[in-house]
Amino acid sequence: MAKKTDRKRSDNLINMDAVAFQIRESYKAARTNIVYSIIKKGCKKISFTSANKGEGKTVTSVNVAIALAQQVNTRVLIIDCDLRRPQIHNALSLEPSPGLTNYLNGECEKEEMIRTTKISNLFAVTYGAVPPNPSELLSSSGMQEFVKTVEKDYDYIIFDTPPVGVVVDSLPLVKQSDGVVLVVKHNSTTYPALKKVIDVLNRNGGKILGIIVNNVESVKTKKFGKGGKGYGYEYGYGYGYY
């Protein structure tokens, strides 16, 4: 049963041709804003985080990574850094190991854990195994060296990090990133929780690129009573600068 559920989740996450036009365009709008928010040569490193669990962080990071990879000659690497509740392997139908924790513990080589995906130019690093010390692994010199080693091979590196409002695991990655995207859930994430995350990121040198709001009810749904809450990005509303 678990495998069947994971397969369904994967289809929902990455089958961009099957989702509504508004949602596809909203991912592309987020992509465009991110591209123009980071002006630098070489690899651009972006962390995705949220205030709490269950706010759509992984859905967002995967689909933005797909949208980036769909650009011509653009190589993207997405890394599952949410070592407490990893989901990238489910989203992209990959085996969880060997993965990041295996590599950082010296159990595999870099080439063994970087996987190709069904999406052209999109590569992924899964988590490996849930460790007892995620904060220490993500802040280790081995993690820093790994990022420096692979960044020459990719145009973008996407870090799917733990919710900043829950644990501090992602803060070392925030410092390595060129920018941070906050994911919030419409009618769920509270203003105090969002403010707390923004304050934490500002204190730790995080450059907030913008906020993506998901689970937004579409205008069509409100006016005509058809459809429903898609993945939920409302075009022209879901992405904003901070």
> Which numbered condition trips up VAL166, out of (1) closer than 25 Å to ARG31 by Cα; (2) in contact (Cβ under 8 Å) with a residue 60 or more places away in the chain?
Replying inline: (1)
> Among the residues of region 187-208 satisfying the criterion of being buried (at least 18 other Cβ atoms within 10 Å of the Cβ) and of a type outside the set (A, V, I, L, M), which is nearest to VAL150 (Cα to Cα)?
Replying inline: GLY206
> Can you find even one residue in region 105-112 that is touching an Asp or Glu at 6+ places or on another chain (Cβ under 9 Å) and touching a residue at least 40 places away in the same chain (Cβ under 8 Å)?
Replying inline: no
> In region 109-120, how many are part of a loop (DSSP other than H, G, I, E, B) and buried (at least 17 other Cβ atoms within 10 Å of the Cβ)?
Replying inline: 2
> In this structure, is LEU209 modelled with pLDDT of 90 or more, under 29 Å from PHE21 (Cβ atoms) and more than 16 Å from the chain's Cα centre (by Cα)?
Replying inline: no
> Which ones in region 123-157 are assigned to a loop (DSSP other than H, G, I, E, B) and either more than 19 Å from ASN105 (Cβ to Cβ) or out of contact with any Cys (no Cβ under 9 Å at 6 or more places or on another chain) (or both)?
Replying inline: THR126, ALA129, VAL130, PRO131, PRO132, ASN133, SER139, SER140, TYR154, ASP155
> Going by the conditions given, is VAL216 among the aliphatic types (A, V, I, L, M) and at pLDDT below 85?
Replying inline: yes
>> Every residue in region 121-172 that is closer than 18 Å to PRO98 by Cβ, surrounded by fewer than 22 Cβ atoms within 10 Å (Cβ to Cβ) and either under 15 Å from the mean Cα position of the chain (by Cα) or basic (Lys, Arg) (or both), please.
In response: PHE123
> What residue, among those in region 69-108 that are assigned to a loop (DSSP other than H, G, I, E, B), of a type in the set (A, V, I, L, M, F, W, C) and in contact with a Ser or Thr (Cβ under 9 Å, 6 or more places away or on another chain), is surrounded by the most Cβ atoms within 10 Å (Cβ to Cβ)?
Replying inline: CYS81
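The values are calculated or read from the model by the stated rules, or taken from the named source; none is laboratory data. Here the structure is a predicted model, which is why all the values come from computation and not from measurement. Here Cβ is always computed from backbone atoms with ideal geometry, including for glycine, and neighbour counts include all displayed protein chains.
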